[in-house]
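First the structure, in the form of structure tokens, and then the observations on it.
The values are calculated or read from the model by the stated rules, or taken from the named source; none is laboratory data. Here the structure is a predicted model, which is why all the values come from computation and not from measurement. As a convention, Cβ positions derive from the backbone with ideal geometry for all residues, glycine included, and neighbour counts pool all protein chains shown. The area values use the complete protein model at the heavy-atom level, side chains included, leaving out ligands, DNA and RNA. Shrake-Rupley method; radii C 1.70, N 1.55, O 1.52, S 1.80 Å.
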Amino acid sequence: MDDLGRDPLDEASSGDAAHSRKQNRDSLFLVAQFRLSTRRRDVSQVRIRNLSAGGLMADLPAPLPPGTPVELNVRGIGWIPGQVAWCVEGRVGVAFDHPIDPALARKPVTGGAKTPVFVKPILPIL
């Protein structure tokens, strides 16, 4: 134990920011629309590799300088404004302007509880 009563072997109590960030990220593969905030007509697709309330990491073939304002359209969430935090070897980190709920991106696209009548096959009565 240290002077504050924390166990130095316990990473959660050590205040390690990287450890804390890693626990709060959701690893996934999603396709999202991506655009520069200044060029809203030029939309491209990116592959999101992980997502958290404060940002994401995505594959991006063209490098962008940190601080570049961007927007991403993530399924289940909508357009999210943010800025490039880092860009290295075909990947980009984006910090969102406002926190989001990353669980919304994992919800199923369909919302129906049962199959609609028009999809069910018509069976002849014998």
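In terms of accessible area, using a 1.4 Å probe and ignoring ligands and nucleic acids, ARG35, ARG75 rank largest first as ARG75, ARG35.
Where does the charge balance sit around PRO69 when Lys and Arg score +1, Asp and Glu -1, over other residues with C-beta under 12 Å from its C-beta? Present the calculation step by step, with values, prior to reporting the outcome.
Values: positive: ARG35, ARG39, ARG40; negative: GLU71, ASP97.
Net charge around PRO69: +1.
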